[in-house]
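The structure under discussion appears below in the form of structure tokens.
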Amino acid sequence: MVLIEKVPMNFHTLFEEHGLQMKVDKGNHIFQEGENANDLYLILKGTVQINKETENGKELTLRICGPNSLMGECAVFGPPVIHTMSAKALINTELLSIKKDDLEMLLTEQPTLMIEYIRWLQTEHMKTQSILRDLVLHGKKGALYSTLIRLANTYGKLDDHNDIHIDINLTNTDLANLCSTSREMVNRMLNDLKKQGIISFEKSTITIHDLDFLKKEICCEGCPLTICRID
């Protein structure tokens, strides 16, 4: 798959020079819904799940972020806000964090960095819009198919047979949370795809054999790879 540069090098330098290093053990939260959002985070190592919990206790996973991903909800140059989502480490994770006030000062001093930050915000907005669009417009099957496509674009590794191995372990419950549906529904749809030879899976690892089938089924609009991602 095509390697996407998620964070420009000057942002890496910014975090390395001014960030505070954090280590978060598997299963622990980096931030939780309702807490003050005062920091922006850069993931160095590990995997982080961004979740939203509904009033009835249902969980929706919006992002699964890996190394070189930025995350956080601090309102730069705006009033203080609280987190509307929670971030949990899926494996042992290392991050760098920068405080909102420090980030505002650094962006003010470096206009080029400000432009990169605005570009990142725009990309994140378009990614979230496209995910919510697919969840609303394409039903449960379309939500799963689009999620598999995004996982392939983000974590896919192409083998000699042009099959795509999704290089991240996800349970069917994890997939259900990404698709805003039940685990039982995801089980049925995955088994249907397996019978058709579209995918195969072993334990928590999925291999996609026919990505074009998934794209045709949801009338894929061919969004740029920077947008059609799950991180």
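So, in the range 23-37, of the ones that are outside any strand (DSSP E or B) and touching a Gly at 6+ places or on another chain (Cβ under 9 Å), which residue ends up nearest to residue 86 (Cα to Cα)?
37
Exactly one condition in (1) out of contact with any Phe, Trp or Tyr (no Cβ under 8 Å at 6 or more places or on another chain); (2) assigned to a loop (DSSP other than H, G, I, E, B) is not met by residue 76; state its number.
The number of the failed condition is (1).
Which members of the range 90-112 meet the condition of being in contact (Cβ under 8 Å) with a residue 24 or more places away in the chain and within 19 Å of residue 38 (Cα to Cα)?
94, 95, 96, 97, 98, 99, 100, 102, 103, 104, 106, 107
Assuming residue 34 fulfils every condition listed in (1) modelled with pLDDT of 95 or more; (2) at positive phi apart from one, which condition is it?
(1)
Any idea which of (1) outside any loop (DSSP other than H, G, I, E, B); (2) without any contact (Cβ under 8 Å) to a residue 40 or more places away in the chain; (3) over 15 Å from the mean Cα position of the chain (by Cα) is the one residue 11 doesn't satisfy?
Of the numbered conditions (1) outside any loop (DSSP other than H, G, I, E, B); (2) without any contact (Cβ under 8 Å) to a residue 40 or more places away in the chain; (3) over 15 Å from the mean Cα position of the chain (by Cα), the odd one out for residue 11 is (2).
Any residue in the range 69-82 that's in the same structural domain as residue 102 (by TED's automatic domain parsing) and more than 14 Å from residue 33 (Cα to Cα): show its pairings with residues that are assigned to a loop (DSSP other than H, G, I, E, B) and modelled with pLDDT of 90 or more at Cβ separation under 6 Å, as long as the two are six or more apart or on different chains.
75/81
Going through the range 50-60 one residue at a time, which ones are part of a strand (DSSP E or B) and either in contact with a Cys (Cβ under 8 Å, 6 or more places away or on another chain) or more than 20 Å from residue 25 (Cβ to Cβ) (or both)?
If the condition is that a residue be part of a strand (DSSP E or B) and either in contact with a Cys (Cβ under 8 Å, 6 or more places away or on another chain) or more than 20 Å from residue 25 (Cβ to Cβ) (or both), then 50, 52, 53, 59, 60 are the ones that fit.
Looking at the range 206-231, which of its residues are over 20 Å from the mean Cα position of the chain (by Cα), of a type in the set (A, V, I, L, M, F, W, C) and not in a loop (DSSP other than H, G, I, E, B)?
If the condition is that a residue be over 20 Å from the mean Cα position of the chain (by Cα), of a type in the set (A, V, I, L, M, F, W, C) and not in a loop (DSSP other than H, G, I, E, B), then 213 is the only one that fits.
Take residue 49 and decide whether it is touching a residue at least 12 places away in the same chain (Cβ under 8 Å) and loosely packed, with under 13 Cβ neighbours inside 10 Å.
In short, no.
Quick check, is residue 26 under 16 Å from the mean Cα position of the chain (by Cα) and surrounded by fewer than 16 Cβ atoms within 10 Å (Cβ to Cβ)?
Taking the combined requirement at face value, the residue does not satisfy it.
Taking residue 216, is it at negative phi, surrounded by fewer than 16 Cβ atoms within 10 Å (Cβ to Cβ), touching a strand residue (DSSP E or B) at 6+ places or on another chain (Cβ under 7 Å) and at pLDDT 90 or above?
no
Of the conditions (1) over 23 Å from residue 90 (Cβ atoms); (2) without any contact (Cβ under 8 Å) to a residue 12 or more places away in the chain; (3) not in a helix (DSSP H, G or I), residue 201 clears all except one; give me its number.
In the conditions (1) over 23 Å from residue 90 (Cβ atoms); (2) without any contact (Cβ under 8 Å) to a residue 12 or more places away in the chain; (3) not in a helix (DSSP H, G or I), residue 201 misses (1) alone.
The values are calculated or read from the model by the stated rules, or taken from the named source; none is laboratory data. Bear in mind the structure is a predicted one, so any value in this text is a computation, not a measurement. In this analysis, Cβ positions are derived from the backbone assuming ideal geometry, glycine residues included, and neighbour counts consider all displayed protein chains.
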